[in-house]
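What follows is a set of notes on a single structure, which appears directly below.
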Amino acid sequence: MTPDPHCPAVQPDDRVRLDAMPLRRFHFLTLFATSGGQFCDGYVLGTIGAALPGVEHAMRCSDVWIGAIGSASLAGLFLGCLLVGPLTDRLGRRRLLRVNMPLFLILSIVQALTTSPLQLVLARICLGACLAADYVAGAAYLSEFAPRRLRGRFLAFMIIGWSAGYSMANIFGMFFTLHGTNGWRLCLFSSAIPAFVVMILRLFLPESPRWLMACNRPDEAQAVLDGCFPKDRVFVVQAVTKPDENWRAVFSPPWRVRLGVGIGFFVAQVVPYFCIGTFLPALFTALGVRDIYTGGIVFNLFLLIGSSSALWLVDRLTRRTFLIGSFTIAAALLTGVAFASYLPVLMTLVLFGLFALTLSAATSLEMVYLPELFPVNLRGVGVGIATACSRFGSVIGTFVLPVLMRVIGTPLTLGICVLFLVAGAGLCALWAPETQHEVL
């Protein structure tokens, strides 16, 4: 092996790079500790959809308050990602991942004890801000430990965690709200349980050796690798960075096109996803589906199937093919749903299910593609800005959706969601780079 000039020392022939090493037990700890955070995020976002009818009745909320409550955690994610992105690159991945779960656990309990719409909005804004660390630091952390040949599947597993949390929240949430006037409080409180489990797992996480090398701390990086992989002689290559490069560099010519692609495809995916998922019961009612509970179960089961299928698809398709194809198929299926009044109820559920399957499979790229777009010293801020913009779009969409459904009707409202999907396909076809084989 030729000595690498970026390594802290000349490496013997029997040493192996971190991104080329075999799969080890520690990789699974990183996988579950980061995916668990996504489970919590999906769960807390999903519970509000099931809890909203109970909240509306208990607190006598207007449409404006309902929209604010439904979008509050997304607003918190927007604010949190703007703050957490630069901090992730400056302070490291581990600190933020360890701090956010205890705060999330406390706020999960607080939101269940609120007595007014304003209190609930504020609690969920804070919850969203806590979860920002999982979108930014979590994705960066896992991408920097995962072997390159498994990186796509590892990062796609984070979306399975998110989809599992979101689906379980909807299913259990509907069950909770069927039992008593305070069922919505039980629904919101239940998010503290997975947060506790994830908090314990993260106590065993070290700092990312790639980030340590980018900070010119090779001895600490090697100590982490020796502790995590004691039987392997593994090293990590020093990141090539410019001394004056900071978070503003992500807006410079080499990176701003990638930032624009990251923002664009993320927004185009999540606006239809959250608009439909948050107000699923009301949407089913408007489309003539009488058995809302069964419809919700079908929708969420397809979400899980779709996110699981991404593990098989993500390394078999190029990133560009996956992006453009999923946007196109999802747009066609949602167009069919918009004409549900002319279709049998069973056909409506099938189209809805296939739409959920397609879009949930594509959302794996939010965790896979975004970290691949940026170098290690700009990864946190790049992912943070893109995620913040996506959540801003989701906030606006979720806040406006119930009003649009009343003013222009459900078919036209779904038609607006279709336009987001079509725009996403066009953006990726024009400017999305291929990153599948890039070294992080």
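Some notes on this structure:
- Flag for L412 being assigned to a helix (DSSP H, G or I), out of contact with any His (no Cβ under 7 Å at 6 or more places or on another chain) and open to solvent by less than 70 Å² (accessible area, probe 1.4 Å): no
- Residue selected from the range 146-183 under the condition small (G, A, S) and touching a Lys or Arg at 6+ places or on another chain (Cβ under 9 Å), by the criterion surrounded by the fewest Cβ atoms within 10 Å (Cβ to Cβ): A146
- For the range 407-414, the criterion of being at positive phi and small (G, A, S) is met by at least one residue.
- Criterion: more than 17 Å from R24 (Cα to Cα), modelled with pLDDT of 85 or more and surrounded by fewer than 19 Cβ atoms within 10 Å (Cβ to Cβ) - qualifying residue of L212, L203, L186: L203
To keep it simple, each residue is scored yes or no on (1) hydroxyl-bearing (S, T, Y); (2) open to solvent by 20 Å² or more (accessible area, probe 1.4 Å); (3) within 22 Å of F352 (Cα to Cα).
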residue	(1), (2), (3)
V407	no, yes, no
I416	no, yes, yes
F420	no, yes, yes
T435	yes, no, no
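- Residues of the range 215-227 satisfying the condition of being open to solvent by 60 Å² or more (accessible area, probe 1.4 Å) and in a loop (DSSP other than H, G, I, E, B): N216, R217
- Candidate set: the range 76-95, residues that are open to solvent by less than 30 Å² (accessible area, probe 1.4 Å) and among the aliphatic types (A, V, I, L, M); chosen: the one nearest to G382 (Cα to Cα): V84
- The set of residues in the range 394-440 that are over 17 Å from S326 (Cα atoms) and in contact with a Phe, Trp or Tyr (Cβ under 8 Å, 6 or more places away or on another chain) comprises S394, V395, G397, T398, L401, P402, M405, P411, T435.
- Checking L105 against (1) aliphatic (A, V, I, L, M); (2) open to solvent by less than 10 Å² (accessible area, probe 1.4 Å); (3) under 14 Å from G37 (Cβ atoms), the condition it does not meet: (2)
- When each of V350, V383, V376, V395 is tested for being buried (at least 24 other Cβ atoms within 10 Å of the Cβ) and under 26 Å from L311 (Cβ atoms), the lone residue that passes is V383.
The values are calculated or read from the model by the stated rules, or taken from the named source; none is laboratory data. Quick caveat, the model's predicted, so the values are computed rather than measured. All Cβ positions, glycine included, derive from the backbone under ideal geometry; neighbour counts span all protein chains shown. Surface accessibility is based on the protein's heavy atoms, side chains included, excluding ligands, DNA and RNA. Shrake-Rupley method; radii C 1.70, N 1.55, O 1.52, S 1.80 Å.
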